[in-house]
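The values are calculated or read from the model by the stated rules, or taken from the named source; none is laboratory data. Nothing here was measured: the structure is a model prediction, and the numbers come from that model. All Cβ positions, glycine included, derive from the backbone under ideal geometry; neighbour counts span all protein chains shown. Side chains are part of the model used for accessible areas, which takes the heavy atoms of the whole protein and leaves out ligands, DNA and RNA. Shrake-Rupley method; radii C 1.70, N 1.55, O 1.52, S 1.80 Å.
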Amino acid sequence: MIVGEVLGLLGAGVAAGVVSTVVSLASIVSYPALLAFGLPPLTANVTNTVALVFTGVGAAAGSRPELAGEGGRLLRLGPIAALGGATGAGLLLVTPPRTFELIAPWLIAMASLLLARPPSGRGHGEHGVLGRVALFIVTIYTGYFGAAGGLMVFAVLAFMFEHPAAKLNAMKNVMSGLANAVAALGFALFGPVDWGAAAPLAAGFLLGGWLGPKIARRLPGQSLRYLAAACGLAVAIKLGWDSYVR
């Protein structure tokens, strides 16, 4: 790759990393950037997933205050997210994406509406079957299609726990990172990853993922939830238009 392309992907990675950790929409920035640099859709999808692992690394490093005391809970929920990511990656490699393209707008819209609801003052807890099943399903989506997958994980965690939005966001970054990491391992072994594009994008994701939590923790009250919900609804409308109208 030429220097301009490397710098372009690095910049896209930084922007996407910040967007990922704040409003959970990294792929809305990074996936079109990869397409713009000439990668075919499947190659762009798997390359994006591999690079996204570094957003999780950066976000975990930048979210240490929010993650304090959550280690045990993350260890219990982490395998569910990892299994979901692995399942989604396997499906992507053996099935066409059209089904998820049709379902995605509805999933994203429902997750956005769930985030937009006022906190009820009580969570359903990590041991609730519904929450664990929902986490597994949305991480399958994260490993398979990815667009706004982090927002769905955010919504599920908001259903399970009545934590402050910044803490939920930090937990979301870890869960999404685990799902992406397992999916990325499968893609690295069996998928058409463009490593020349993945490297600068990953470096940008790492920096953007580290910066994002610093922005998220400064947003007042529940504004983080509502900002993510508004962005998610916009993405749902756009994907719905592309899938059903165009």
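Send over the semi-axes of region 159-239's equivalent ellipsoid, whole angstrom and largest first, taken as the square roots of 5 times the C-alpha gyration tensor eigenvalues.
Working: eigenvalues 152, 47, 41 Å².
After scaling each eigenvalue by five and taking roots: 28, 15, 14 Å.
In angstroms, what radius of gyration and Dmax does the chain have, counting Cα atoms only?
Reported Rg and Dmax, both Å: 16.4, 53.
Once you've got the GNM for the chain with C-alpha springs shorter than 10 Å, pick whichever of Gly38, Gly204, Gly85 has the biggest mean-square fluctuation.
Gly38
Using the Cα centre of the chain as origin and beta-carbon charges of +1 (Lys, Arg) and -1 (Asp, Glu), tell me which of Ala82, Leu130, Ser176 is placed farthest towards the positive end of the dipole.
Leu130
May I ask for the net charge around Leu115, where only other residues with Cβ less than 14 Å from the Cβ of Leu115 are counted and Lys, Arg are +1 while Asp, Glu are -1? Before the final figure, lay out each step's value.
Numbers: positive: Arg117, Lys172, Arg225; negative: Glu162.
Local net charge: +2.
Calculate, for region 198-246, the solvent-accessible area per residue in square angstrom, rolling a 1.4 angstrom probe over the heavy atoms of the protein chains.
Values: 2520 Å² over 49 residues.
Dividing the accessible area of region 198-246 by its residue count gives 51 Å².
How much of the calculated P(r) for region 166-209 lies past 13 Å, in percent of all Cα pairs?
On the way: 618 of 946 pairs.
Cα-Cα pairs in region 166-209 separated by more than 13 Å: 65 percent.
Leaving out ligands, DNA and RNA, and with a 1.4 Å probe, what % of the accessible surface on region 1-67 is carbon or sulfur? Walk me through the numbers before you get to the answer.
Numbers: 1940 of 2550 Å².
C and S fraction of accessible area: 76 percent.
Working out 0.36 nm times the residue gap between Val129 and Leu189, then minus their Cα-Cα distance, what length gain in nm do you get to one decimal?
Working: separation 60, 0.36 × 60 = 21.60 nm, distance 3.28 nm.
Result: 18.3 nm gained on full extension.
For region 37-108, just the Cα atoms, rotate onto the principal axes and tell me the three extents in Å, largest first.
41, 27, 22
On a C-alpha basis, how far is the centre of region 208-246 from the centre of region 160-180 in Å? Whole number, if you could?
14 Å
Would you kindly state how much longer the chain becomes between Glu162 and Ser243 on full extension, computed as 0.36 nm times their sequence separation minus their alpha carbon distance, in nm to one decimal?
Numbers: separation 81, 0.36 × 81 = 29.16 nm, distance 3.44 nm.
Stretched out fully, the Glu162 to Ser243 stretch lengthens by 25.7 nm.
Can you show me the helix-derived [θ] at 222 nm for the chain, built from DSSP H runs with n ≥ 4 at -39,500 (n - 2.57) apiece and divided by the number of residues, rounded to the nearest 500. Could the numbers behind the result be given before it?
On the way: 11 runs with 195 residues, N = 246.
Here the helix-only value at 222 nm equals -27000 deg cm²/dmol.
Could you compute the FRET efficiency for Thr95 and Leu75, with r as their C-beta to C-beta distance and R0 at 35 Å, rounded to 0.05? Mind dumping the intermediate values first?
On the way: r = 31 Å, r/R0 = 0.89.
For Thr95 and Leu75, the calculated efficiency is 0.65.
log₁₀ I(q)/I(0) of region 1-89 at q = 0.15, 0.18, 0.20, 0.21 Å⁻¹, via Debye over equal Cα point scatterers, no solvent, to two decimals?
Debye curve over Cα of region 1-89, log10 I(q)/I(0) at q = 0.15, 0.18, 0.20, 0.21 Å⁻¹: -0.67, -0.89, -1.03, -1.09.
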